[in-house]
Structures are given as C-alpha cells and as structure tokens.
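First the structure, in the form of structure tokens, and then the observations on it.
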Amino acid sequence: MVAPRHQALAETLLAQIAEGTFPVGSRIPTEEQLCAAHGLARETVRRALRRLEDLGMISRRQGSGTTVLASRPVAGYQPVARSAADIVALAADTRIVDSWSGDTVLDAEAAGRLGAAAGSAWFVVRGPRVRRDTGATICWSEHYLRSDLPREKILRFSFRAEDVADGEVEQVISAALVTERMAVALGVAPATAALVITRRHYGRDGRLASVGIHSHPADRYQIATRL
C-alpha cells in the first residue's frame, strides 16, 4: 500500500533531520520550496509539517520560517518547565527505567552540582527517563532527596501541583558532557555535549529539600525565546 503523499514527505523530512541535513537550530525549506521540490500541493506540505510539529521536532512561526527543535520525535515534552504544572506533567508522562537508588554522602563535586553542603546525606534515584506512551528515551535523570525526608513520593514520582508549589523552585540551565554511563543509556557517544536542567526544590522553611538534574543530548533539544 502506498503511503499518503503528506506522510511520505513527513518521513522524508524526519530522515533528513535525523541524519543532520537539517540540524537542530537550522531552518528547513519554506512551504513554497517544498512544494516545488516534491511536486506537491500546498495543503499536502502543510499536513506534513503539522505532523513534525505535533512530534515536537519543529517550530513554525509566520514570518520567521520553520526551525528544527529536536532531532528525534519528542511529542509534547519540553526540557524547561514554565510552571508547577509542567513539573507535575513530567512525572505523569515519563518515568525512569533501569534505575539505581540508594543513600549517598555528597563529596565536594556532587555538593557543587546540587548546591548543597559537602558531607550532607541524601537519597538518590538515577537512570534514563522515557516517555510512558512511546518508550522513547528523553534524558538521563537524577533525583536527590534530603535524607531526613520521606521517600514515598520520589520513589513513586507521584507529585501534585500543590507539592511543587509548596516552596520555591529554582531552575538552572547549564551545559556538561555526557558520561560513559549516560552515553550508553541515551544512545550517544561519551563526552557528547548535554543540555542540563537542574531544579532545586526548597521547603517552606527555606531549606533545600530535593534536586532534579536532567541531562539531555544537546543535538535533540533547543531552547528558543522570542523577544
């Protein structure tokens, strides 16, 4: 059975983005150019682009063209949270698989990453994070919880908006290199650049309660702000 023409074009563009013909941050050809290159009607091209947009791979803005946001389908996932609801959605729509958990005492390096005191005790869960619906790997996640706090929510990842909004959340965007352990889980080469989202959750008493560190392969995601 021959695939519909819009589906065939969408698959062609998906392959071109994945292989780097159109890398993250670049613009793909305009609707007019795609129509001419593939001999398709404007509506057919628009349907193909809507498919890529639904997958979270491109951003379309009138007057600004179509920009590649991710090299693989990510659906509605966005690495940067804009509200407590986004953090709750992360827990609801994704999960950590093949995880390791246990107690740890922070050395100087780990303390610097968390923004906590060296020598303090924490409980940690770490592993690759995947989408619940597709199983697609999104990032490498590490969740640290202060050792004196109950572990039920962090083990079940059953957060509510009220839990997140209970105290202040600090979100920091930085860069790092993927470790060998992360590389295997994410399907990238060791020392690949990573976009790191660190979220520090503070309790009502102002003390750091938990920290989530999410490392994303840099070629799959882009943070764009239009001013």
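The values are calculated or read from the model by the stated rules, or taken from the named source; none is laboratory data. Being a predicted model, the structure only gives us computed values, none of them experimental. Glycine gets a Cβ as well: all are built from the backbone with ideal geometry, and neighbour counts include every protein chain shown.
The single condition among (1) at pLDDT below 80; (2) surrounded by fewer than 16 Cβ atoms within 10 Å (Cβ to Cβ); (3) on the phi > 0 side of the Ramachandran plot that Gly56 does not meet is (2). When Arg129, Arg95 are screened for being in contact with a Cys (Cβ under 7 Å, 6 or more places away or on another chain), in the same structural domain as His201 (by TED's automatic domain parsing) and assigned to a strand (DSSP E or B), only Arg129 passes.
Residues in the stretch 110-126 that are hydrophobic (A, V, I, L, M, F, W, C), assigned to a loop (DSSP other than H, G, I, E, B) and either on the phi > 0 side of the Ramachandran plot or surrounded by 16 or more Cβ atoms within 10 Å (Cβ to Cβ) (or both): Ala116 only. Being touching a helix residue (DSSP H, G or I) at 6+ places or on another chain (Cβ under 9 Å), surrounded by 15 or more Cβ atoms within 10 Å (Cβ to Cβ) and within 25 Å of Cys139 (Cβ to Cβ) is a property that does not hold for Ser83.
In the stretch 59-76, is there at least one residue being outside any helix (DSSP H, G or I), surrounded by 19 or more Cβ atoms within 10 Å (Cβ to Cβ), free of Cβ contacts under 8 Å to residues at least 40 places away in the same chain and among the aliphatic types (A, V, I, L, M)? So far as the stretch 59-76 goes, no, none of its residues is outside any helix (DSSP H, G or I), surrounded by 19 or more Cβ atoms within 10 Å (Cβ to Cβ), free of Cβ contacts under 8 Å to residues at least 40 places away in the same chain and among the aliphatic types (A, V, I, L, M).
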